[in-house]
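To start, the structure under review is shown below, and the notes come after it.
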Amino acid sequence: MGLLTWMRERGTRRRAAERLYFAAVGAARQPAVYAALAVPDSVDGRFDMIALHVHLLLRRLRQLGSAGQALGQELVDVMVADMDRSLREMGVGDLSVGRQVKRMVKAFYGRGRAYDQAFGGDLADLHAALARNLYRGQPVAGAVLAAAGRYARAAERKHAGLAAEALLSGVIEATQISVSPPGDD
């Protein structure tokens with residue numbers, strides 16, 4: 001493969017990753033999530049929701065072989081670049097941005113491992129992972145946690161149902177997930 005071909009493919013993959021990332025951000029920023037599911041509408045809460053949606057995209061991309069894995073790595077690179085930019089916009093000093101981004105990336109991968117185990121397990125595993133990650137171990141009503149679990153499972157199904165071609169090209173819409181309030185079992 002020539003250098004120009006490689007650069008063209010990387011540019012195409014980067015644009016696809018950017019579209020996927022901003023679709024994940026769009027899904028994560030639904031106001032209903034913060035209202036109905038009591039996810040803190042804060043920097044941390046938004047990070048946790050974005051981490052959930054990006055991770056679900058990565059789970060789906062891993063199913064698509066080497067092309068999906070390469071796009072997944074590019075998706076993480078886009079997310080890291082956005083974290084860096086966001087921290088700088090919030091006024092974090094240049095000397096500490098690197099440490100903060102490193103901490104956030106470590107947290108993202110930790111959440112990813114927890115979610116992989118939780119989605120492969122039973123509902124109690126998912127609730128425990130959500131309690132640790134979305135609510136950072138703060139007390140949360142059982143009905144709220146159950147609603148968050150329904151939301152996460154619905155998001156997983158929606159991400160899993162994305163067509164391979166659309167996913168690899170990054171042509172997807174923000175995966176708007178309906179949010180059922182606590183008690184709507």
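What follows is calculated from the coordinates using simple rules that are stated; it is not laboratory data. Just so we're clear, the structure is a prediction, and the values are computed from it rather than from any experiment. Heads up, the Cβs are rebuilt from the backbone with ideal geometry, glycines too, and the neighbour counts pull from every protein chain shown.
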- Note the full-extension length gain between R113 and A128 as 0.36 nm times their separation in residues minus their Cα-Cα distance, in nm to one decimal. 4.1 nm
- So what's the angle, to the nearest 10 degrees on a 0 to 90 scale, between helix 3-28 and the longest Cα principal axis of the chain? 20 degrees
- Angle between the Cα long axis of helix 142-160 and the longest principal axis of the chain, 0 to 90 degrees, nearest 10? 30 degrees
- Select from R15, R99, R132 the residue whose mean-square fluctuation is largest in a Gaussian network model of the chain (Cα-Cα springs shorter than 10 Å). R99
- Query: Using a basic spin-label model with each label point 7 Å from the Cα along Cα→Cβ, how many nm lie between D82 and R14?
  - Reply: 1.7 nm
- Note on the structure: For the chain, whose charge dipole is built from +1 on Lys and Arg Cβ atoms and -1 on Asp and Glu Cβ atoms, the candidate among P40, S169, Y151 with its Cα farthest towards the positive end is S169
- the chain: relative contact order as a whole-number percent, Cα under 8 Å and 6+ apart: 35 percent
- In Å, what Rg and Dmax follow from the Cα atoms of the range 9-169? 15.6, 48
- Compute the acute angle (0 to 90°) between the alpha-carbon long axis of helix 94-120 and the principal axis of greatest extent of the alpha-carbon atoms of the chain; round to the nearest 10°. 60 degrees
- Quotient of C-alpha Rg and 2.2 N^0.38 Å, computed over the range 1-92: 1.23
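Run the dipole for the range 9-169 about the Cα centre, Lys and Arg Cβ at +1, Asp and Glu Cβ at -1, nothing else charged, and hand back the magnitude in debye, nearest 20.
Details: 24 positive and 16 negative charges, 25 e Å.
The calculated dipole for the range 9-169 is roughly 120 debye.
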- Magnitude of the Cβ-charge dipole (Lys and Arg +1, Asp and Glu -1) of the range 75-173 about the Cα centre, nearest 20 debye, reported as 400 debye
- Query: Who wins for biggest fluctuation among V25, V171, V39 in a Gaussian network model of the chain, springs between alpha carbons below 10 Å?
  - Reply: V171
